[in-house]
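Asks: I am attaching a structure below and will ask some questions about it afterwards.
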Amino acid sequence: MAKHPVPKKKTSKSKRDMRRSHHALVAPNLVECPHCHAKKLQHHICDSCGYYDGRQVLQVASA
């Protein structure tokens, strides 16, 4: 029967938590669109109006 690798020592809570220190979720950084004042992600095209950097780059169908 094959032996499987197992930890030699129990991982401490400190080591476990230090390893997980980069796993936190980060809230998206929302800014106001200067054209339509809707919330949008920084450095992304506005979903509401299709503007980016002061010019229209996407045709948005009006509902």
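Asks: Among the trypsin sites (Lys or Arg not before Pro) within the chain, which fall in a DSSP loop and have no more than 13 other Cβ atoms within 10 Å of their own Cβ?
Replies: Listed in order of number, the matching sites are 3, 8, 9, 10.
Asks: Using only C-alpha atoms and all pairs of different ones, pull out the Kirkwood radius for the chain in Å with one decimal.
Replies: It is 16.2 Å.
Asks: Something else now. Return the sequence-ordered ³J(HN,Hα) values of the stretch 25-42 in whole Hz as given by the Karplus equation 6.51 cos²θ - 1.76 cosθ + 1.60 applied to θ = phi - 60°, using x for Gly and Pro.
Replies: Calculated HN-Hα couplings, in order: 7, 10, 5, x, 8, 8, 10, 8, 5, x, 8, 10, 6, 8, 6, 8, 6, 4 Hz.
Asks: For a protection proxy built on the mean count of beta-carbon atoms within 10 angstrom, sort 21-27, 48-54 highest first, please.
Replies: 48-54, 21-27
Asks: Suppose the chain between residue 44 and residue 20 were pulled fully straight at 0.36 nm per residue; how much longer would it get relative to their current alpha carbon spacing?
Replies: Net length gain for the segment: 5.7 nm.
Any read-out appearing in this document is the output of simple, stated calculations on the displayed coordinates, not a laboratory observation. Given the structure is predicted, the values throughout are model-derived calculations rather than measurements. With ideal geometry, Cβ positions are generated from the backbone for all residues, glycine too; neighbour counts draw on all protein chains shown.
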